[in-house]
Amino acid sequence: MFQQIIDRRLAGKNKSIGNRERFLRHHKEQIREAVKRAVDGRSIRDLAQGEDIHIPKRDISEPVFRHGQGGTRDMVHPGNQDYLRGDRIARPKEGGGSGGGQASDSGEGDDDFVFHLTKEEFMQVFFDDLALPNLARTTLAETPEFKTHRAGYSSDGNPSNLHVVRSMRGAIGRRIAIGSESRRELHRLETHLDHLLSHPDPNPYEAEIAPLRLEVEALRARLKRIPYLDPIDLRYRSRVRVPMPTSKAVMFCLMDVSGSMDEGRKDLAKRFFILLYLFLTRHYEKIDIVFIRHHTQAQEVDEQNFFHSTETGGTVVSSALVLMDEIARARYPTAEWNIYGAQASDGDNWHHDSGRCREILANRILPLCRYFAYVQVAEEEQNLWDEYAALSDESQAFAVRKATEASQIYPVFRDLFKKEGAAS
């Protein structure tokens, strides 16, 4: 007899969800450090795959029981051509790993352990203790969420969804359809029988009356056997799952591309934008990104030009804020979009323009935004920093931070988006 076994477990073939989750919990710190290193080489939209992370083998070692040194032990070795009975066999040397690591004192190497994180696991580790400020799912977009919706009637379902009127209407129609021919025949026979019985002398018709009576009784019995309510008459209210709209967000990236913003400072800004984009994907199904670069004039560009173009001349930051305000009001109404802004600059600005930047942010942009973050990638504090710092004290939807080294980007980001009440 042939038997076929099909593995229908949710974990899938040759996988163990329980073991995987336990491994992630036990080595959370090592995995978190590996994820922080891995994100350095990603582009903003590069989220199509997970990540291979390397953990030193010594960090995942587990306690084991071994035989101690010394003592008398009897062992059986396989046959060989090098030793005879009574020869002393030298103890094998302690070996190092083949991956180039240092030799250890436990007989095991120091090779790295490679572990693949899925996209979801990567983001879960990366944003484990962060939360979006002022998060509100207010709008409409395409998403895999569903709700139940009435969709007519069906012939099967839960008894609580039984529609009595529809069921009785169907039962009446079935009884009429099934018994109509028998009723017509019964009416004809009863009429004929009554005619014979009403004759002044019915005796000559006795031979015909008796079979008619039997046939009438048979038809009446047949009609009585038609059920009043049959299972095929039952009708239930039907419900189907239909997609539900959910929220969507737009992320505005503003950056100074004047001559004072060299490649190192642009790299710092890029890392911050990547973190913000990854963070937003944890909360929104649909995310648009708008890149606005500026020197004395602002321009909406693609990602390539945003990070790799350089302009000469001065800096007028308000031009980027004005363009962001125009684009947001024209293409991203707040009734449908959650708007987030991120601005990176070295702090250099035409000194008469910084006050106008604060005014535009306070009166035009912040009323539209869920959150706006400004990151300065230079140490020196100029008048733009002073204006923004004053505004951050007045608005909870606006924050300013400084990051002058790559190692500071992640702590700054965590500080901006830490959970409410979390330790700094």
Test Y410 against the criterion of being within 28 Å of S247 (Cα to Cα) and surrounded by 14 or more Cβ atoms within 10 Å (Cβ to Cβ), and give yes or no. yes
Do any helices (runs of 4 or more DSSP H) entirely within segment 220-334 hold 2 or more residues that are of a type in the set (F, W, Y), farther than 30 Å from G152 by Cβ and touching a residue at least 24 places away in the same chain (Cβ under 8 Å), and if so, which? 263-281, 303-308
Has segment 370-380 got any residue that is assigned to a helix (DSSP H, G or I), of a type in the set (A, V, I, L, M) and surrounded by 21 or more Cβ atoms within 10 Å (Cβ to Cβ)? no
Can you pull out the residues in segment 283-329 that are of a type in the set (G, A, S) and more than 31 Å from the chain's Cα centre (by Cα)? A298, S309, G313, G314, S318, S319, A320
How many residues, within segment 262-315, are loosely packed, with under 14 Cβ neighbours inside 10 Å and among the hydrophobic types (A, V, I, L, M, F, W, C)? 0
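None of the figures in this text is laboratory data; all of them are computed from the coordinates on show. All values reported here derive from a predicted model rather than from experimental measurement. Every residue, glycine as well, gets a Cβ built from its backbone with ideal geometry; the counts of neighbours run over all protein chains shown.
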